[in-house]
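The values are calculated or read from the model by the stated rules, or taken from the named source; none is laboratory data. A quick note: this is a predicted structure, and the numbers were derived from the prediction, not measured. Positions of Cβ are backbone-derived with ideal geometry, glycine not excepted, and every protein chain shown enters the neighbour counts. Heavy atoms of the whole protein, side chains included, go into the accessibility calculation; ligands, DNA and RNA do not. Shrake-Rupley method; radii C 1.70, N 1.55, O 1.52, S 1.80 Å.
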Amino acid sequence: MDEDLARDALRGRERDLRTRHRARRTALALVVLAAAALGWQLAPAATSWWPFLTAWWPLVAAVVALVAAGVLWSRSRQRPTTAGAGAAERWSRIGGMVTTVTAVGALVFTAISLQATRDQIEVARQGQITDRYTRAVDQLGAEGAANLHRRLGGIYALERIAVDSPRDQATTVEVLSAFLRSTSPRVRGEPCPPTPADVAAAFAVLTRRDVTRDPGPAVIDLRELCLREVRAVDGDLSGMSLIGSDLSGANLSGARLGLTALSDATLVGASLYRADLTAGFVFATNADFTGARFDSAKLGSADFSGSTFTGADFEYADLGRSDFSGADLTGAEHTAQTKADGAVKDPATRNAWW
């Protein structure tokens, strides 16, 4: 009886071993088949999902590691059982393992597909922006008084593109500044005419840009232009070169100036009420600020040497450490609250009150 039991146990172990081998081969074949199917499906989109994998491979590796750890832990807790029950239990475990691997594969595939969809949406969005940009430039190039509304539409379309696509802001700034240079140049010795509506709009759009999106220390070339009575209330003139330009009567109230060049410019009667010139150095040598308003402005360390401030208003202004060497302050208005202790003057400065 004992010998019969031993032979039955031996045959059971042999059947168990054969069943285990078959199960392993079947599981391996299923995994290889699944991997091949995934590879076939995802191969055309390799360029789109590769950045995703490089960014998220630690998560994928962690999931696979957890699955492998679970399988190893499960195998380490196996206990001897009868032949039939052992085979059924192993088949159940193998089925669970295959299901888990399939679920992990489906999760990875879903994530990759989602990233590919996002890439396709981004490509479509960039295509739409390119079309909008092309139409806006065409509108901007329409000449003649009859096409004023088209040019205005193109200007505001470019502003919208700069908001929607930060990487295209530099391009829109170049286009608008080129438009100003070609449309409103200043001829020395001749008075500037009234500023056309499209020129004023283009200048206002440039001052409304998000300067944090500028590529480095950008310089916007607006030299020698006619910009009389333009409006840039609370605008940002950072990085603008307005050397030799005529901004007489311009409303720059609350404007922010930093690394702004105003040398040899004309700002007769311009308003810089509450203007902030502390964001960066301001070059304003030999400029004409006759009758300009600087009340409540902060002048920081601006260089006004050689400039004219006849009749200018400095009430409640903070002159900071600005340089008025050689400047003419004849008739400039000020109050006891005007801070001028740190302002620089020299023997050539005329009618400085501090």
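What about Arg181, is it of a type in the set (Lys, Arg), open to solvent by 40 Å² or more (accessible area, probe 1.4 Å) and either in a loop (DSSP other than H, G, I, E, B) or without any contact (Cβ under 8 Å) to a residue 60 or more places away in the chain (or both)?
Working: of a type in the set (Lys, Arg): yes; open to solvent by 40 Å² or more (accessible area, probe 1.4 Å): yes; either in a loop (DSSP other than H, G, I, E, B) or without any contact (Cβ under 8 Å) to a residue 60 or more places away in the chain (or both): yes.
In short, yes.
Quick test for you: out of Arg256, Arg274, pick the one residue that is open to solvent by 50 Å² or more (accessible area, probe 1.4 Å) and closer than 16 Å to Phe203 by Cα. Spell out the reasoning first.
On the way: Arg274 fails: closer than 16 Å to Phe203 by Cα.
Selected residue: Arg256, the only one of Arg256, Arg274 that is open to solvent by 50 Å² or more (accessible area, probe 1.4 Å) and closer than 16 Å to Phe203 by Cα.
Looking at region 206-241, which of its residues are open to solvent by less than 30 Å² (accessible area, probe 1.4 Å) and of a type in the set (Val, Ile, Thr)?
Hits for region 206-241 are Thr207, Ile220, Val230.
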